[in-house]
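Here is the structure we will look at, set down as structure tokens.
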Amino acid sequence: LFDAFLSFAGEGEAAALPDTGDLAADLKLVLRATVDELADPSTDLAMRAMNVEIVNDPALAAEYAARLDGPMRELKRERLRAAVRAGQLAEDTDLDTAVDLLWSPVLARWLHRTGPLTHEYVDGLVDTALRGLRPR
């Protein structure tokens, strides 16, 4: 199952998050796509099953971190680095924390089914996070 998700995610393919110069719009685009992927009924149960296995299997968790989560986190950090260089985020922004701040609430809401996972939700999430990360 994990190998199927890696294939679907395009493991090893060069990728980047969009960089139109509008950080908020770029993040909303990516997070909306994430919501759409998580809400897809054809993959929902399989992704939930894989997450349970990742939680319960340290070897699988390490493989997930190395082959999927780590590379994806680096793509996210690189987009945020570009925003720092453009003056859209504070120079001292902790990029790992910023990635967690933006993506973790989406995953938590999906995993725990604590609320609707909508485009409006992620748009508000991006707006709220960026207000807190702007340079002073």
Report yes if D26 is under 16 Å from the mean Cα position of the chain (by Cα) and either of a type in the set (F, W, Y) or open to solvent by 50 Å² or more (accessible area, probe 1.4 Å) (or both), otherwise no. no
Which one of the conditions (1) surrounded by fewer than 16 Cβ atoms within 10 Å (Cβ to Cβ); (2) closer than 17 Å to V30 by Cα; (3) at pLDDT 95 or above does D57 fail to meet, given that it meets all the rest? (2)
Among A49, A62, which is the only one that is in a helix (DSSP H, G or I), at pLDDT below 95 and either open to solvent by less than 70 Å² (accessible area, probe 1.4 Å) or not β-branched (V, I, T) (or both)? A49
Hey, A90 loosely packed, with under 12 Cβ neighbours inside 10 Å and of a type in the set (G, A, S) or not: no
Cβ-Cβ below 8 Å, separation at least six or inter-chain, first residue in segment 91-109 and closer than 16 Å to A39 by Cα and charged (D, E, K, R), second in a loop (DSSP other than H, G, I, E, B) and open to solvent by less than 70 Å² (accessible area, probe 1.4 Å): which pairs? R109/G115; R109/L117
Of everything in segment 86-108 that's in a helix (DSSP H, G or I) and among the charged types (D, E, K, R), which residue is farthest from the chain's Cα centre (by Cα)? D96
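The values are calculated or read from the model by the stated rules, or taken from the named source; none is laboratory data. No experiment lies behind these values; they were computed from the predicted model shown. Positions of Cβ are backbone-derived with ideal geometry, glycine not excepted, and every protein chain shown enters the neighbour counts. Areas reflect the complete protein model, heavy atoms only, side chains present, ligands, DNA and RNA absent. Shrake-Rupley method; radii C 1.70, N 1.55, O 1.52, S 1.80 Å.
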